[in-house]
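Q: Mind having a look at this structure? Questions to follow.
The values are calculated or read from the model by the stated rules, or taken from the named source; none is laboratory data. The model shown is predicted, which means the values in this text are computed figures rather than measured ones. Neighbour counts run over all protein chains shown; Cβ positions are idealised from the backbone, glycine included. SASA here: full protein model, heavy atoms, side chains in, ligands and nucleic acids out. Shrake-Rupley method; radii C 1.70, N 1.55, O 1.52, S 1.80 Å.
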Amino acid sequence: MNTSEPFIGRYKTELDTPALLIDLDKMEANIAAMANYFSTVTAELRPHVKTHKTPIITHKQIAAGAIGATCAKLGEAEAVIHAGIRDVLIANQIVGAQKIARLINLAKHSEIMVAADNSENVQAISEAATAKGATVRMLVEVNIGMDRCGVEPGKPALELAEQIRRSPNLVFEGLMGYEGHTVAKPKRSERDAAAREAIQRLVDTKYYLEKHGVEVAIMSGGGTGTFDITGSIPEMTEIQAGSYVLMDSTYRNVEGVGANFDCALSVLATVVSRPNPDRMIVDTGLKVLAKEFGVPQPVGLTGIEMSGLSEEHGKILVSDESIDLKPGDKLEILPTHCCTTVNLHDRYYGVRNGIVESAWDITARGKAQ
């Protein structure tokens, strides 16, 4: 049973808490702003599902001009493909017989594309696809400075691309690189220089492959922090930005990002205790708010500051004792990281002008496999 139905049409403050809210006007403005940028460049937008994990939001992004979806995990891809989205990139390696079997099954119902950086993995996917009569599209992931996944630029990328081209039931589409170590640099000039240096390694690899007779149709990368840096590089064909759609206080403080997109996500909290004038406790702790980028803070209120989170509680220090919030009162908390906060919730409440308009299950929540 969808327990959210009784709240449709009611004021957001009537929701039980903790509750994850989306300001629909702000989210739709973010989608429009990003779509407007990509109407001015040759690169296209393939937005990341890992931020919102909800197919209806991906459908909204595609309706605004996005070419498909990027997923971090196989489970996310299953959720959006089952919701009718066909062009999906898993920007990750799918390893092991069980996961490869799921990938191949998805390939029978979509135009799935996956990242690869390992010869044995490419062979295993080719064999499974051949046995099933399916086709899997592949990008070679190149390490461009984040030192996470990816083959090294140049010859290692060429060798893997050539293997993919020789492999039955695989299609080599191009290259992928993620400049994730640059996307949150607060100063635009520093972020621009670092991102361009990283992406140049991917561009150089593209030309190296083409010099050796390997066509590179797709060049995929980028994030919210570099959407208009990486997106402006002529060789890049698609950008994987995700956080822009909801935003958070971390990206809000990144120069050139906060000016383009507004924070649409918040967590509605209830004051459960006011033991003394300079301290109050809310019902939003670590199980509903992520804090790896810092302790989240109340929205639109001065004179109070959240100082820490335990499992079920948030501690708020009150410097202005005239603030009369008391047990039972509600306030909103702005996440410092939208992606990991969303993954702690089962449902969004979409709010417009203070009224609950919709309730969306977070279909891919917890889809870590």
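Q: For the range 277-298, check the following and say yes or no: at least one residue is more than 20 Å from E332 (Cβ to Cβ) and over 18 Å from the mean Cα position of the chain (by Cα). Lay out the reasoning, then the answer.
A: Within the range 277-298, the subset more than 20 Å from E332 (Cβ to Cβ) is 277-278, 292.
If we keep only those that are over 18 Å from the mean Cα position of the chain (by Cα) as well, we get 277-278.
Checked against the condition, which is being more than 20 Å from E332 (Cβ to Cβ) and over 18 Å from the mean Cα position of the chain (by Cα), the range 277-298 yields at least one hit.
Q: Tell me the residue from T230, T237, T226 that is at pLDDT 95 or above, under 28 Å from L160 (Cα atoms) and within 16 Å of the chain's Cα centre (by Cα), please. Walk me through it before giving the result.
A: On the way: T230 fails: within 16 Å of the chain's Cα centre (by Cα); T237 fails: within 16 Å of the chain's Cα centre (by Cα).
Going through T230, T237, T226 in turn, just one is at pLDDT 95 or above, under 28 Å from L160 (Cα atoms) and within 16 Å of the chain's Cα centre (by Cα): T226.
Q: May I pose another question? Looking at the range 234-262, which of its residues are assigned to a loop (DSSP other than H, G, I, E, B), open to solvent by 20 Å² or more (accessible area, probe 1.4 Å) and in contact with a helix residue (DSSP H, G or I) (Cβ under 6 Å, 6 or more places away or on another chain)?
A: Within the range 234-262, the subset assigned to a loop (DSSP other than H, G, I, E, B) is 234-237, 240-242, 246-248, 253-262.
Within this subset, residues satisfying the condition of being open to solvent by 20 Å² or more (accessible area, probe 1.4 Å) are 234-235, 237, 253, 255-256, 258-260, 262.
Residues satisfying the conditions are E235, E255, G256, G258, N260, D262.
Q: Tally time: how many residues in the range 146-200 are part of a strand (DSSP E or B), touching a helix residue (DSSP H, G or I) at 6+ places or on another chain (Cβ under 7 Å) and of a type in the set (V, I, T)? Let's see the steps before the verdict.
A: Keep residues of the range 146-200 that are part of a strand (DSSP E or B), which gives 151, 170-176.
Then keep just the ones that are touching a helix residue (DSSP H, G or I) at 6+ places or on another chain (Cβ under 7 Å); that gives 151, 170, 172, 175.
Filter once more, keeping what is of a type in the set (V, I, T): 151.
Residues flagged as part of a strand (DSSP E or B), touching a helix residue (DSSP H, G or I) at 6+ places or on another chain (Cβ under 7 Å) and of a type in the set (V, I, T) within the range 146-200 amount to 1.
Q: Suppose we filter T224, T270 for residues that are surrounded by fewer than 24 Cβ atoms within 10 Å (Cβ to Cβ) and among the hydroxyl-bearing types (S, T, Y); which single one remains? Spell out the reasoning first.
A: Working: T224 fails: surrounded by fewer than 24 Cβ atoms within 10 Å (Cβ to Cβ).
Exactly one residue qualifies, and that residue is T270.
Q: Now for a separate question. I need the full set of residues from the range 161-180 which are within 15 Å of L103 (Cβ to Cβ) and either hydroxyl-bearing (S, T, Y) or without any contact (Cβ under 8 Å) to a residue 40 or more places away in the chain (or both), in order please.
A: Across the range 161-180, the qualifying residues are S167, V171.
Q: Which of the residues belonging to the range 314-369 are of a type in the set (D, E) and either modelled with pLDDT of 95 or more or touching a Lys or Arg at 6+ places or on another chain (Cβ under 8 Å) (or both)?
A: Going residue by residue through the range 314-369, those that are of a type in the set (D, E) are 320-321, 324, 329, 332, 346, 357, 361.
Selection gives D329, E332, D346, E357, D361.
Q: Consider G300 against the criteria (1) closer than 23 Å to V49 by Cα; (2) outside any strand (DSSP E or B): it satisfies all of them except one. Which criterion is unmet?
A: Of the numbered conditions (1) closer than 23 Å to V49 by Cα; (2) outside any strand (DSSP E or B), the odd one out for G300 is (1).
Q: If you don't mind, another one. Scan the range 121-152 residue by residue and report those that are under 24 Å from R201 (Cβ atoms) and acidic (D, E).
A: Matches in the range 121-152: E141, D147, E152.
Q: Given the conditions (1) on the phi < 0 side of the Ramachandran plot; (2) assigned to a loop (DSSP other than H, G, I, E, B); (3) free of Cβ contacts under 8 Å to residues at least 12 places away in the same chain; (4) not basic (K, R), and given that G213 satisfies all but one, which numbered condition is not satisfied?
A: With (1) on the phi < 0 side of the Ramachandran plot; (2) assigned to a loop (DSSP other than H, G, I, E, B); (3) free of Cβ contacts under 8 Å to residues at least 12 places away in the same chain; (4) not basic (K, R) applied to G213, the lone miss is (1).
Q: Mind checking which pairs have a first residue in the range 8-21 that is closer than 13 Å to K330 by Cα and part of a loop (DSSP other than H, G, I, E, B) and a second that is modelled with pLDDT under 95 and not polar (S, T, N, Q), Cβ under 7 Å, 6 or more apart or different chains?
A: Final answer for the pair search is L15/F7.
Q: Among the numbered criteria (1) over 12 Å from S358 (Cβ atoms); (2) surrounded by 18 or more Cβ atoms within 10 Å (Cβ to Cβ); (3) modelled with pLDDT under 95, which one does H48 miss?
A: Result: H48 passes all but (3).
Q: Let me ask you something else. Of all residues in the range 303-327, how many are out of contact with any Leu (no Cβ under 9 Å at 6 or more places or on another chain) and either open to solvent by less than 70 Å² (accessible area, probe 1.4 Å) or part of a strand (DSSP E or B) (or both)?
A: The total comes to 4.
Q: Go through D192, D204 for me and flag whichever is charged (D, E, K, R), closer than 29 Å to T40 by Cα and open to solvent by less than 70 Å² (accessible area, probe 1.4 Å).
A: That would be D192, the only listed residue that is charged (D, E, K, R), closer than 29 Å to T40 by Cα and open to solvent by less than 70 Å² (accessible area, probe 1.4 Å).
Q: Turning to a different aspect of this structure: Could you check the range 165-177 and list, in sequence order, the residues that are open to solvent by less than 20 Å² (accessible area, probe 1.4 Å) and under 21 Å from M236 (Cα atoms)?
A: Passing the criteria: G174, L175, M176, G177.
Q: Let me ask another. Could you give every pair whose Cβ atoms fall below 6 Å, whose first residue belongs to the range 222-237 and is under 22 Å from D262 (Cβ atoms), and whose second residue is buried (at least 24 other Cβ atoms within 10 Å of the Cβ) and modelled with pLDDT under 95, counting only separations of at least 6 or pairs across chains?
A: Between residues of the range 222-237 that are under 22 Å from D262 (Cβ atoms) and residues that are buried (at least 24 other Cβ atoms within 10 Å of the Cβ) and modelled with pLDDT under 95, there is no close pair.
Q: Scan the range 34-71 residue by residue and report those that are under 17 Å from the mean Cα position of the chain (by Cα), in a helix (DSSP H, G or I) and not charged (D, E, K, R).
A: Across the range 34-71, the qualifying residues are M34, A35, P55, I56, I57, T58, H59, Q61, I62.
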